[in-house]
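The values are calculated or read from the model by the stated rules, or taken from the named source; none is laboratory data. Everything numeric here is computed off the predicted structure, so don't read it as measured data. Positions of Cβ are backbone-derived with ideal geometry, glycine not excepted, and every protein chain shown enters the neighbour counts.
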Amino acid sequence: MLDIKELSASIEGKKILKSFNLKIKAGEVHAIMGPNGSGKSTLANILSGRKGYEIEGAISYEGKDLLKIPIEERAQKGIFLAFQYPTEIPGVNTNNFLKTSLNAIRKFRGLKELDSLEFLKLVKEKSKNLKIEEKILSRQLNVGFSGGEKKKNEILQMTILEPKLAILDETDSGLDIDALRIVSDGVNSLRNKNRSFLIITHYQRLLDYIKPDFVHVLVNGKIVKTGHSELAQELEKDGYEGVATAR
Amino acid sequence: MNLKFEEFQQSNLGLKELDNIRLKSFKKFEALGFPTKKQENWKYTDLKAIIDSNFKSLQIFKDQKNSKYNSKLLIRNFEHNQIILLNGNFIESNFNFEDEKKISIKSLKVALESKTEFEKIKNYFDDEQNSMVSLNHALVKDGIVLKTDNNYSFNKPLIIYNLFDKTADSKIINNKVFISLGENSKLSLVDYYECENNIKYFNNTIHNYNIEKNAILKKFSINASIDGSYNYNSTKINSYSNSIFENFLLSLGPNFIKNEIHCNLLENYSSCFVNGIMLLDGNQHHELKTNVNHKFENCKSSQLIKSVLLDKSNGTYQGKIYVDKTAQKTNGYQLSKALILSESSQFNSKPELEIYADDVKCSHGSTTGNIDENSVFYLMSRGLTKQQANKLIVEGFLNEAIETITESNIKKLILQFFIERIKKVNI
């Protein structure tokens with residue numbers, strides 16, 4: 001599904017990712033762990049199409065050159081980024097935005113666009129499953145949301161938009177145990193053989209709830225170690241420094 | 001100058017006192033001419049240049065016989081009382097939803113012909129350092145005088161239709177509206193402007209409101225449809241104890257608008273709220289100038305203006321809060337936010353606080369910028385095109401001001417006009 005080869009990225013002359021390689025097959029859940037400044041968010045940004053990076057290397061998504069696909073088309077083709085810091089957009093009603101988003105994606109996939117009634121029914125069902133209070137959806141997009149509400153809103157969007165590749169950028173940071181459970185329930189309920197996940201996180205805690213197929217350790221823009229879910233526990237014990245030097 | 005006062009005067013001789021005022025006012029107007037940027041109040045709007053470049057020959061409106069208006073211009077599916085002004089002249093009124101005994105409505109024309117009636121409004125013909133007001137005093141022919149009894153709350157909104165037809169083309173129309181709300185009374189007023197296609201005219205209008213003790217006047221100024229009209233509107237409000245004046249301005253359609261709001265908070269606990277939006281493209285030029293005068297203790301005022309400028313449009317907000325030395329415990333607030341979406345458009349903001357009391361809470365803010373790139377990215381990463389994202393953000397930006405409207409049925413009406421307009425804008 002996703003094949004990243006020798007990816008290097010810099011911003012304002014500063015190199016952040018260095019010869020980064022990663023392959024994600026359909027149905028796989030990959031976790032990337034790493035200390036602050038290791039390039040985790042840069043990777044998420046590049047995959048979702050944020051401008052401002054000088055990029056070398058190649059990224060192929062479903063066999064196509066991802067770097068040539070415009071931002072909105074990446075979303076329409078099934079890439080979803082759950083933001084580390086979801087943007088507050090005053091005056092924009094969350095439901096209204098989400099309906100526009102879902103219909104843009106459905107249209108691209110050749111599905112019938114949903115009318116308001118059908119959409120509300122879908123939202124009701126999904127938010128109930130995730131135990132998310134529906135009323136946050138009638139508020140302005142992310143405005144005045146607590147950190148937890150913002151992240152839950154990202155996960156709700158993910159379950160409604162049903163992406164093929166979901167990238168979670170530190171979705172777990174700053175969450176209490178209940179919110180963490182909502183996030184992981186969201187991911188686990190969407191897991192299937194066609195859908196892949198790239199979970200970026202600081203802590204092993206989230207991986208107690210979501211069992212990844214692979215764990216990668218990112219230090220200084222490079223993957224220094226790859227393993228299975230036990231690697232996360234090792235990291236917790238020895239720290240990034242320990243794991244990075246022990247190779 | 002094309003305006004021929006002698007011709008106008010010959011056919012409009014009336015009360016001697018009024019004729020003298022007219023003559024004196026016209027002389028004053030002739031001396032000053034249409035305002036230019038040299039006048040402080042017109043710093044951002046050169047009206048003389050705007051008139052010179054858009055009207056080959058602007059004439060005084062004369063036709064008075066025409067009373068047939070196009071009923072297609074009226075608002076449907078919205079229960080309301082109505083007053084029809086055609087080319088500034090009072091045509092008819094309808095208070096079907098009200099107890100008509102509690103309401104008095106007169107044509108200003110009639111009031112200007114009667115010595116006793118004129119006596120009551122004479123004060124409003126005071127001399128001012130404003131040539132548009134002088135011109136209005138000199139040339140006013142009609143308008144309305146509306147009064148409500150004490151303790152009367154309107155059941156439904158009142159729409160004043162300001163309609164213009166082809167006889168108004170290339171003309172300047174001067175009229176006045178007087179509204180007096182009795183104690184404990186309540187009125188929601190929609191001041192609605194609409195005209196026939198393909199005409200160009202200048203409407204110079206002065207509104208005078210009296211809001212007595214405990215009365216509430218909510219006014220909604222709707223200039224929604226795209227047209228070739230040029231409008232100067234000066235509204236003067238006297239607010240008495242514990243009264244509320246709210247004005248929302250939907251400034252969308254016409255080529256030119258300058259709205260002035262002069263609100264005098266004269267007694268304890270009176271308040272004034274001015275909110276509004278401008279969404280301008282092409283060569284549109286809109287200005288809002290407010291003057292909120294806190295002249296007594298414990299009064300409150302608040303203003304929120306949001307503007308979006310495209311193409312070569314020009315928007316201006318000059319907001320002034322004046323606090324008299326006796327007006328302790330004043331609470332005054334104003335905020336202007338604008339998005340400038342093209343390099344050739346401009347927005348001018350001039351907030352002013354003039355405070356002579358020492359125990360007051362007053363603040364103002366003004367921001368001007370572009371659409372936030374992070375917001376665009378967020379929306380695009382959810383599958384929206386750049387255009388969809390921009391439009392949603394702009395809509396949300398302006399929506400914030402519309403959300404302040406406290407009358408839900410009127411909010412709905414205003415949203416309809418707003419959505420119609422934003423559909424036609426190329427963001």
Here are some residues: A:Phe108, A:Phe214, A:Phe197. Which one is modelled with pLDDT of 90 or more and touching a His at 6+ places or on another chain (Cβ under 6 Å)? A:Phe214
Are any residues in region B:376-387 surrounded by fewer than 20 Cβ atoms within 10 Å (Cβ to Cβ), under 22 Å from B:Lys337 (Cα atoms) and facing chain A (nearest Cβ under 7 Å), and if so, which ones? none
What number goes with the only condition from (1) buried (at least 16 other Cβ atoms within 10 Å of the Cβ); (2) more than 7 Å from chain B (Cβ to nearest Cβ) that A:Leu117 does not pass? (1)
Residues of region A:217-247 satisfying the condition of being at pLDDT below 85 and closer than 24 Å to A:Glu6 by Cα: A:Leu231, A:Tyr240, A:Glu241, A:Val243, A:Ala244, A:Thr245, A:Ala246, A:Arg247
Out of B:Glu420, B:Glu395, I need the residue that is in a helix (DSSP H, G or I), among the acidic types (Asp, Glu) and buried (at least 18 other Cβ atoms within 10 Å of the Cβ). Which one? B:Glu395
Starting from residues that are under 28 Å from B:Lys350 (Cβ atoms) and among the β-branched types (Val, Ile, Thr), keep the ones in region B:1-54 and report whichever is surrounded by the most Cβ atoms within 10 Å (Cβ to Cβ). B:Thr45
For B:Ala401, are the conditions met, namely being under 30 Å from B:Phe296 (Cα atoms) and in a helix (DSSP H, G or I)? yes
Quick check: is even one residue across region B:74-84 of a type in the set (Phe, Trp, Tyr), surrounded by fewer than 16 Cβ atoms within 10 Å (Cβ to Cβ) and either modelled with pLDDT of 95 or more or over 21 Å from the mean Cα position of the chain (by Cα) (or both)? yes
In region A:147-204, the residues that are surrounded by 18 or more Cβ atoms within 10 Å (Cβ to Cβ) and among the hydroxyl-bearing types (Ser, Thr, Tyr): A:Thr159, A:Thr171, A:Ser184, A:Ser196, A:Thr201
Subset of region A:94-114 [within 11 Å of chain B (Cβ to nearest Cβ) and loosely packed, with under 15 Cβ neighbours inside 10 Å]: A:Lys107, A:Arg109
Restricted to region B:398-407, and to residues that are more than 7 Å from chain A (Cβ to nearest Cβ) and polar (S, T, N, Q), which residue is surrounded by the most Cβ atoms within 10 Å (Cβ to Cβ)? B:Thr404
Quick check on my filter: what residues within region A:53-93 are under 21 Å from A:Asp169 (Cβ atoms), within 11 Å of chain B (Cβ to nearest Cβ) and aliphatic (A, V, I, L, M)? A:Ile71, A:Ala75, A:Ile79, A:Leu81, A:Ala82, A:Ile89
Return the total of residues in region B:339-356 being in a strand (DSSP E or B) and over 13 Å from B:Leu288 (Cα atoms). 7
Quick one: is B:Ile410 in contact (Cβ under 8 Å) with a residue 60 or more places away in the chain, of a type outside the set (Ser, Thr, Tyr) and either in a helix (DSSP H, G or I) or more than 9 Å from chain A (Cβ to nearest Cβ) (or both)? yes
Selected residue (criterion: surrounded by the fewest Cβ atoms within 10 Å (Cβ to Cβ)) from residues of region B:289-309 that are more than 22 Å from B:Ile427 (Cβ to Cβ) and of a type in the set (A, V, I, L, M, F, W, C): B:Phe296
Could you give me the residue pairs with C-beta distances under 7 Å whose first residue belongs to region A:131-155 and is away from chain B (no Cβ under 13 Å), whose second residue is among the basic types (Lys, Arg) and surrounded by fewer than 21 Cβ atoms within 10 Å (Cβ to Cβ) wherever it lies, and which are 6+ apart or on separate chains? A:Glu134/A:Lys124
Criterion first (free of Cβ contacts under 8 Å to residues at least 24 places away in the same chain and basic (Lys, Arg)) does A:Lys211 satisfy it? no
Of the conditions (1) more than 14 Å from every other protein chain (Cβ to nearest Cβ); (2) among the charged types (D, E, K, R); (3) without any contact (Cβ under 8 Å) to a residue 40 or more places away in the chain, B:Arg421 fails just one. Which one is it? (3)
Looking at (1) assigned to a strand (DSSP E or B); (2) under 23 Å from the mean Cα position of the chain (by Cα); (3) more than 14 Å from chain A (Cβ to nearest Cβ), which one does B:Gly282 not meet, given that it meets all the others? (1)
Taking region A:20-52, which residues are within 14 Å of chain B (Cβ to nearest Cβ), over 26 Å from A:Asn192 (Cα atoms) and crowded, with 18+ Cβ neighbours inside 10 Å? A:Arg50
Could you run through region A:158-180 and say how many residues are of a type outside the set (Val, Ile, Thr) and part of a strand (DSSP E or B)? 4
Between B:Glu128, B:Glu117, which is surrounded by fewer than 17 Cβ atoms within 10 Å (Cβ to Cβ) and either aliphatic (A, V, I, L, M) or within 24 Å of B:Gly182 (Cβ to Cβ) (or both)? B:Glu117
Of B:Lys213, B:Lys219, the only residue that is closer than 18 Å to B:Leu187 by Cα, not in a strand (DSSP E or B) and not hydrophobic (A, V, I, L, M, F, W, C) is B:Lys213
Looking at region B:335-346, which of its residues are away from every other protein chain (no Cβ under 13 Å) and touching a Phe, Trp or Tyr at 6+ places or on another chain (Cβ under 8 Å)? B:Ser336, B:Ala338, B:Ile340
Just name the residue that is farthest from B:Phe397 (Cα to Cα) out of those in region B:320-375 that are loosely packed, with under 13 Cβ neighbours inside 10 Å and touching a Gly at 6+ places or on another chain (Cβ under 9 Å). B:Lys361
From B:Lys219, B:Lys213, B:Lys236, B:Lys186, grab the single residue that is among the charged types (D, E, K, R) and closer than 21 Å to B:Leu279 by Cβ. B:Lys219
Would you call B:Asn223 at pLDDT 95 or above and surrounded by fewer than 24 Cβ atoms within 10 Å (Cβ to Cβ)? no
